[in-house]
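S.K.: The structure follows.
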Amino acid sequence: MITKTLNLSKRVQSKDIYNCLFKNFNLLSADWVYHQWNWLHQNYDAFNDLIKYFISISLIRNTFRIYQENGFKYNYDEYYSRDEIQIGEFNISELAKEFELPKETMRRKILELEKAKVIRKQGKKLIFDKSAYNLVQPIKQIKITSKYLSKFSDILAKEKIIDESISEEQIIKRFKNEFSKTWLWFYEFQLPLMIRWKNFFEDINSFYIWGTCGLNQVYNLKSKNKSEEIESIVLDDFLETLLEESQAGLNIMSISEMTKIPRATVIRKIKFLEKEKLVQYNNKKQYFLSNFTPLKVSPLIKEQFLLKSDFITKMINLFVVDQSN
């Protein structure tokens, strides 16, 4: 039997990760925009409803917590090879409280998930159906997140916070080998962050649309900080063509095509974003982030950095503490 060698003196602190994130914000911001936009884009694509997707992964997250509490571990292949996944008990009121939604709205979303056969009741058990696995499997997201973490590890190594960089391949392998633990950490980071953005924008689709305008500006910002690698995973030829044609901003049709949100809904949400001075438009009716945006979202970005630094710290420590890797 191989005994792992742990070096606790190598353990990094969340405050050091947080400070490093802020210090190197300009080096990492484009990568993070692509990272988060992909997260929203693939999630909307699953159900055409971000809240229903977040409810689904909230139920999976709760199940991951039960695994961890009881010492059960699943790698990626083990987890998704099962015919069904039993979900731990949940309470409509608690879910509504977590998402800061009315109970009736939450009840309706759960019923819609049942109707779509994403979840089903079997006696006293609640089952996540195998037919819906492809909707929630983070196939591309694991690669994108691993690439971001690897790039950040280069910075940590350069600043001597860790001894050496961690490769993308190493991180992908760890995510998959310890999936039920590491992806629990990912969900515990992303879910509260998404709920905070939802509350700030009063609606998650408004955040998605605003983020898409931001993505366009990052894409068209020709600078050495632009990440071709993460960008190439996130964008297909169709999306890249839209962004290249958009230049200074995105029109309503382009936003609708990129997000897959119906045009009428985009128009309604854009009016809200205009009113809140979070977007503005040029003489071609192309929308882009307003000059007020940094001031308005700065407090939330600081909260985001706290959540993100906790997640990154846990992942980095898997490598620097465990010397047997």
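S.K.: Would you mind stating whether Phe64 is under 22 Å from the mean Cα position of the chain (by Cα) and at negative phi?
M.R.: The answer is yes for Phe64.
S.K.: Tell me the residue from Leu243, Leu278 that is modelled with pLDDT under 95, surrounded by 14 or more Cβ atoms within 10 Å (Cβ to Cβ) and over 22 Å from Leu50 (Cα atoms), please.
M.R.: Every option except Leu243 fails the conditions.
S.K.: Of the residues Ile51, Ile85, Ile55, which is at pLDDT below 90, crowded, with 19+ Cβ neighbours inside 10 Å and closer than 30 Å to Lys260 by Cα? Spell out how you get there, then give the answer.
M.R.: Working: Ile51 fails: at pLDDT below 90; Ile55 fails: at pLDDT below 90.
Answer to the selection: Ile85.
S.K.: Please go through the stretch 40-83 and pick out each residue that is among the aromatic types (Phe, Trp, Tyr) and more than 12 Å from Leu191 (Cβ to Cβ). Quick ask: steps written out before the conclusion?
M.R.: Taking the stretch 40-83 first, the residues among the aromatic types (Phe, Trp, Tyr) are 44, 47, 53-54, 64, 67, 72, 74, 76, 79-80.
Of everything in the stretch 40-83, those that are among the aromatic types (Phe, Trp, Tyr) and more than 12 Å from Leu191 (Cβ to Cβ) turn out to be Tyr44, Phe47, Tyr67, Phe72, Tyr74, Tyr76, Tyr79, Tyr80.
S.K.: Based on what the data block shows, is Ile267 aliphatic (A, V, I, L, M) and part of a helix (DSSP H, G or I)?
M.R.: Answer is yes for this residue.
S.K.: Consider Ile66 carefully, then state whether it is β-branched (Val, Ile, Thr) and in a helix (DSSP H, G or I).
M.R.: It is true that Ile66 is β-branched (Val, Ile, Thr) and in a helix (DSSP H, G or I).
S.K.: Within the stretch 121-139, can one find any residue that is polar (S, T, N, Q), surrounded by fewer than 16 Cβ atoms within 10 Å (Cβ to Cβ) and in a helix (DSSP H, G or I)?
M.R.: Yes, because at least one residue in the stretch 121-139 is polar (S, T, N, Q), surrounded by fewer than 16 Cβ atoms within 10 Å (Cβ to Cβ) and in a helix (DSSP H, G or I).
S.K.: Of the residues that sit in the stretch 165-213 and are within 14 Å of Phe272 (Cα to Cα) and assigned to a loop (DSSP other than H, G, I, E, B), which one is nearest to the chain's Cα centre (by Cα)?
M.R.: Top of the filtered list is Asp203.
S.K.: Please verify whether Ile316 is at pLDDT 95 or above, crowded, with 16+ Cβ neighbours inside 10 Å and not in a helix (DSSP H, G or I), treating the condition exactly as stated.
M.R.: no
S.K.: Also, I was wondering about something else. Taking the conditions exactly as written (in contact with a strand residue (DSSP E or B) (Cβ under 9 Å, 6 or more places away or on another chain), surrounded by 11 or more Cβ atoms within 10 Å (Cβ to Cβ), under 12 Å from Ser58 (Cβ atoms) and among the aromatic types (Phe, Trp, Tyr)), does Phe99 satisfy them or not?
M.R.: No, not satisfied.
S.K.: Looking at Tyr44, Tyr18, Tyr76, can you tell me which residue is buried (at least 16 other Cβ atoms within 10 Å of the Cβ), modelled with pLDDT of 90 or more and more than 30 Å from Leu135 (Cα to Cα)? Working first, answer last.
M.R.: Numbers: Tyr44 fails: more than 30 Å from Leu135 (Cα to Cα); Tyr76 fails: more than 30 Å from Leu135 (Cα to Cα).
Exactly one residue qualifies, and that residue is Tyr18.
S.K.: Which of the residues belonging to the stretch 284-313 are crowded, with 19+ Cβ neighbours inside 10 Å, among the aromatic types (Phe, Trp, Tyr) and within 30 Å of Ile267 (Cβ to Cβ)?
M.R.: Tyr287, Phe288
S.K.: Against the definition (under 24 Å from the mean Cα position of the chain (by Cα) and modelled with pLDDT under 85), how does Leu295 come out, yes or no?
M.R.: Yes.
S.K.: Being within 21 Å of Asp203 (Cβ to Cβ) and in contact (Cβ under 8 Å) with a residue 40 or more places away in the chain narrows it down to one of Glu84, Glu98, so name that one.
M.R.: It is Glu98.
The values are calculated or read from the model by the stated rules, or taken from the named source; none is laboratory data. This structure is a prediction, so every number in the text was calculated from the model and none was measured. Positions of Cβ are backbone-derived with ideal geometry, glycine not excepted, and every protein chain shown enters the neighbour counts.
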